[in-house]
Amino acid sequence: MAFKLPDLPYAFDALEPHIDAKTMEIHHDKHHATYVVKLNAALEKHPDLQGKNIEELVKSLESLPQELQAAVRDHGGGHFNHSLFWELMSPKGGGKPTGALLKALEKDFGAFDSFKDRFSASAAGHFGSGWAWLGVNASGKLIVVTCLNQDSPFRQGVKPVLGIDVWEHAYYLKYQNRRPEYIAAFWNLINWEKAEELFEKSMK
Ligand code: MN
């Protein structure tokens, strides 16, 4: 079983005006699709790995055959990161989380707004292509990290809860060089239910 590109959980224009339809179409149908094609090509001679789920594969990066590691890091990471990213946004998103995630954010960052400032600043300040993630570290604490290119937060010992893609392909058509405006718009789209689900999972 080869890896498959998941459908977007909403229409290309569903996140307008925050993210434009053309960006969503190219990002999903071209960029994400290409990660999947290249991941499958890299695994062609490794049928034992094709049945794994993408999270298991990305987590086991260091134990894979040396010649596969770069492809799994880049294309496997790309597939994993984008699959989460689509689900972490929603046309009905925005606002704040509730329950356990909100309590944990307040405990680990002092206040929801302090977390928001920290996440936005990390995403804006990341040099070049990559991602900013909120995640849970080995001590069970919520932290913000950034990852280069398609590296997964697992490689920093962090289980992902919320992530934003800050590659230029994620925002350039609408925002050009104004990455902070794209990050500000992202807060209107966050699917906190999905983030809460990932948070619960990370605590198990
Ligand atoms: Mn992307």
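Values in this text are rule-based calculations from the coordinates and carry no lab data. Just so you know, these numbers come straight off a predicted model, no measurement behind them. No Cβ is skipped: glycine too gets one built from the backbone with ideal geometry, and neighbour counts run over all protein chains shown.
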Put a dot 7 Å past each Cα toward the Cβ at Arg178 and Glu25; how far apart are the dots in nm? 2.3
At 4 °C and a viscosity of 1.567 mPa s, what translational diffusion coefficient does Stokes-Einstein give for the chain, taking Rh as the Kirkwood radius over Cα pairs? Give it in µm²/s as a whole number. 75
Over the chain, relative contact order from alpha-carbon pairs under 8 Å, at least 6 apart, %: 24
I need two numbers for region 72-114: Rg to one decimal and Dmax as a whole number, Cα atoms only, in Å. 14.3, 37
What shape does region 99-202 have by the C-alpha gyration tensor, where a ≥ b ≥ c are the square roots of the eigenvalues, rounded means a/c under 1.5, and otherwise prolate means a/b greater than b/c and oblate the rest? prolate
Got a sec? Charge dipole of the chain, +1 on Cβ for Lys and Arg, -1 for Asp and Glu; which of Leu162, Tyr182, Ala33 is way out at the positive end? Leu162
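Rounded to the nearest 20 Debye, what is the dipole magnitude of region 20-87 about its Cα centre when Lys and Arg each give +1 and Asp and Glu each give -1 at the C-beta?
120
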Return the single residue from Thr146, Thr98, Thr34 with maximal mean-square fluctuation; model: Gaussian network over the chain, springs between Cα atoms under 10 Å. Thr98
Trypsin sites (Lys or Arg not before Pro) within region 88-154: DSSP coil, no more than 11 neighbouring Cβ in 10 Å: Lys92
In deg cm²/dmol, rounded to the nearest 500, the helical mean residue ellipticity at 222 nm of the chain, built from -39500 (n - 2.57) for every DSSP H run of length 4 or more, is -12000 deg cm²/dmol
How about region 1-85: which GluC sites (Glu not before Pro) there lie in a loop by DSSP and see at most 16 other Cβ atoms within 10 Å? Glu44
What FRET efficiency do you get for Ser139 and Lys45 if R0 is 45 Å and r is their Cβ-Cβ distance, rounded to the nearest 0.05? 0.70
Calculated FRET value between Ser63 and Ala121, using beta carbons and R₀ = 35 Å, to 0.05: 0.50
Report the paramagnetic label zone for Ala71: residues of region 1-35 whose backbone N is under 14 Å from a point 7 Å from Cα along the Cα-to-Cβ axis. 2-3, 35
Assigned charges on the beta-carbon of Lys, Arg, Asp, Glu; the chain dipole about Cα centre (debye): 360
In whole Å, largest first, what are the principal axis extents of the Cα atoms in region 20-87? 40, 20, 19
GNM result for the chain, Cα springs below 10 Å: residue of Asp48, Asp117, Asp108 fluctuating most strongly: Asp48
